[in-house]
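Have a look at the structure below, then the notes.
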Ligand SMILES: [Zn+2]
């Protein structure tokens, strides 16, 4: 067996899990041994030197990591002493453009995970007369070991998304009647499908996921806004209802809600459909509103909301949009996206759009709805905008949508948007993944955004396997 060596260890903590990455010289041969108390043991073959190399990062969950030789074998055991109960998963990753061979150990903090996906708390009301705040969940894309797209000058998407998210949250928290919650508040990773859980546990009215785009074509520039694809989403929900085991695989957080038999409301397909139609209609309206505002502060890549089936958008019960703030792969936009003033402009635009949307159609129990009721006669300007924009936002935006409202609006959504981005409009070729290839490498090779490859192949992460067949659009 080829001699292997551990070059370094990187620890990436997040609130509910910790990823420990061992950078190794060869493809690792390893096994996870039976857990003993708080001790997790990973045995790696073909390693003669019991050394861990350079260590970086730290996690509360991992108290200590040490390595020892296995007597009589050319193997080492890496022992991790954990501070809390956890579940473990170990897997190897092939070299990517940034890293070589890796052995990954994912530790999920059992208690923290339960708290993380806690059932929704009743919405905060500060008194029956004043109504509740409108809660906007802001999701800064990527984080931790996942930098997102990397600009030609080395700017990480994860830092841009965080900066814009912080600025948007600050604006919302200053605005009476609004409250912002953030899916991540530091530089750590959360699976895209888990991000809606945070929004759901905070009873968010809307989820806004913030990203920056990248393309092989360095000239590509401008912002775009994505909403959940109606067609694919409904087929996925259909499939999900048939295959209970795959619930969590397909829709992430929603599965927990559906599996919870106490939550009867989610068990009926029809209710789910209605809830999804309502969410998507709202998502589409907000997306269009965000685009109108972004148009004042940056170039637009696409003037219409784009439909995709991305993990973070897949909560059928929470209206969700994904904002690509610009192309980090474009020299000029990378420079702009890095500046606090441009980040502030983007946040201001999103804030104006959200504020307008919810002023026009506030949830019935919100403070905004009550203020609007009292000041009805003083707000003709707002109503006029609602009419002229063509969006019927006067429908009560409660959680029980009427069939006529969302249904009729959904038809509008499905019409112009879906064909533009559905696979039917582009020729597809297949690519069988070879050793050493990563999703970002293939994205560059074929000149297709990574987000598009993820969407078409329904990938939950950027990890691909050797031998996996991917579908690649050819424009
Ligand atoms: Zn991104």
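Here the Kirkwood formula puts the hydrodynamic radius of segment 2-64 at 12.8 Å, using every distinct Cα pair.
Its residues counted as N, segment 6-115 yields a C-alpha radius of gyration over 2.2 N^0.38 Å of 1.02. Expressed per residue, the C-alpha convex hull volume of segment 122-201 stands at 82 Å³. Peptides 31-40, 170-179, ordered by how many other C-beta atoms sit within 10 Å of their residues on average, highest first, read 170-179, 31-40. Per q in 0.15, 0.32 1/Å, what log10 I(q)/I(0) does a Debye calculation on the alpha-carbon atoms of segment 424-474 return? So the normalised log intensities work out to -0.33, -1.58.
Values in this text are rule-based calculations from the coordinates and carry no lab data. What you see is a predicted model, and the numbers here were worked out from it, not measured in a lab. Counting neighbours? That spans all protein chains shown, and the Cβs are built from the backbone with ideal geometry, glycine included.
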